[in-house]
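Here is the structure we will look at.
The values are calculated or read from the model by the stated rules, or taken from the named source; none is laboratory data. Note that the structure is predicted; figures quoted are calculated from it, not measured. Using ideal geometry, Cβ is built from the backbone for each residue, glycine included, and neighbour counts are taken over all protein chains shown. In case anyone asks, the SASA skips ligands and DNA or RNA and just uses the protein heavy atoms, side chains included. Shrake-Rupley method; radii C 1.70, N 1.55, O 1.52, S 1.80 Å.
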Amino acid sequence: MNTVPPPLPPRQLPLSRLGHLVPPLVNDAALVALVTLTDDMPWAAKAAWDIARIAARDGRRVALVDLCLEHPALHEVVGLSTTEGIVDAFEYGVSLNKAAHEVTGVFIIPAGSDTAHPAEVYGHARWPKLQAGFRSEGALLILLLPLAGLAQLSATPDGVFALAPEGLAPSFALPRDVPLLGVVRDRWLPSNPRLSPPAMPVPIAEQPRRGLRVAVGALVVAGLAVGGWALLARARESAAVPRPPAATVPPAPATSTPSTNLHHPPPPPVRLDTLGWTVQLAAYASLDKALAHADRLAADAGVPALVTPVPQGGKGPRWYRVLAGSYATRAAAGTARASLWRRGLAAEGVGDLVLAPYSYHAPAGASLEQLRRRGLPAMRWSNGVILLGAFVGPDQAAYTQAALKRAGVRANLLPRMGTP
């Protein structure tokens, strides 16, 4: 008599072993659900954050969405202030460019505003489109959600992780027919304690959380589009970045002053302001496409633009950011962005204000065409100088510096300056 063997128990995934056990389980997945089976939401959010970073460790594009709409905690765990999120995108039409934040290599979409209709968010028609887009790009979409959210989700996940710090009861079953990839728990608790393996650290380098306490994150805009649907990870705004000191023209040497100047003192020296603020409009996987967009802004609209390479995962540039204009203050950059919207040069809601005051200045006599042929993101600025990229500081400019060195081009990293 043939008997059906009992199902195997779910794989146990203690936090100390996630770095070894998770990657082979998500390599072929496009959408993975992390189901919270605990009241300790910060613990669940931290476990989800660890899984997402592990999945993105080798340069894979990963997005983590907080769908714990009644008790969201992910934004606090990753160091984001309260901000717009997935609810605002689905219910109020906010661009995902405003909702997504790149933090240590992972695109984070927080829960955002409160909602009276969580089931409509779970059942939204966009989830299958997003899943198809991530699959076509070889990327991974991770959804952190409660068990009820999994039952109502309009897309069918490729797999599910149960986040249960104390493990699961033998009678546990998912509310739909999807693979249970494993149970993420605090520690390894096998039935026979003598078989307990030694704890091993998760191979993730802890990095400082990026909130308003950090200068400015140099972020990526990732496009994963199917049928007109795109995921845009925004460039975060922060006024916490120290503004480079403004250069001043030294006063002329003191000379004898005629008596008439006692009532008419000489004018103060001209103060040069850094033009550190800019508007990030888009990003492309191709340098040629990014340069073409920037050239159109300069030629057709009279808006000088820059292109910044953004390396990902230590494997060279994946994206090239297109930055429009250069302004002394954030308010001026915001006014310029509104002008771009009115003129139809950018869709309303698109464009993030970024403080990135430094650019590489190409040497005098350098040819724009020659620099571009060498794979450098060279743009002719409004004063005729050729600039390459816009950066928060030398650390962010390191990749471009290496590219300049390989091309044999000597360029100086300087703040963009101008007179008011």
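All alpha carbon pair distances within segment 1-146 were sorted into 5 Å bins beginning at 0; the resulting P(r) in whole percents reads 2, 9, 18, 22, 20, 13, 7, 3, 2, 1, 1, 0, 0. Amide H to amide H distances under 5 Å link Leu31 with Leu141, Asp158, where only residues 5 or more positions off or on other chains count and H is placed in the peptide plane. In this entry, segment 97-185 is assigned a mean projected area of 7.3 nm², taken as a quarter of its C-alpha convex hull surface. One chain, two ends: Ser286 and Ala347. Fully extended at 0.36 nm per residue, the span grows by 19.8 nm beyond their Cα-Cα distance.
Computed across segment 356-420, the Kirkwood hydrodynamic radius from all distinct Cα-Cα pairs reaches 11.9 Å. Amide H contacts for Ala282 (H built 1.01 Å from N in the peptide plane; partners 5 or more residues away or on another chain; cut-off under 5 Å): Val322.
For segment 128-170, the solvent-accessible area of protein heavy atoms averages 34 Å² per residue (probe radius 1.4 Å; ligands and nucleic acids excluded).
Counting 0.36 nm for each residue step from Ser154 to Leu21 and taking away their Cα separation leaves a gain of 45.1 nm. Put simply, segment 41-109 fits an ellipsoid with semi-axes of 19, 15, 9 Å; these come from the alpha carbon gyration tensor as the roots of five times its eigenvalues, largest first.
Please give the net charge around Ser154, taking every other residue with its beta carbon less than 12 angstrom from that of Ser154, where Lys and Arg add +1 and Asp and Glu add -1.
The answer is +2.
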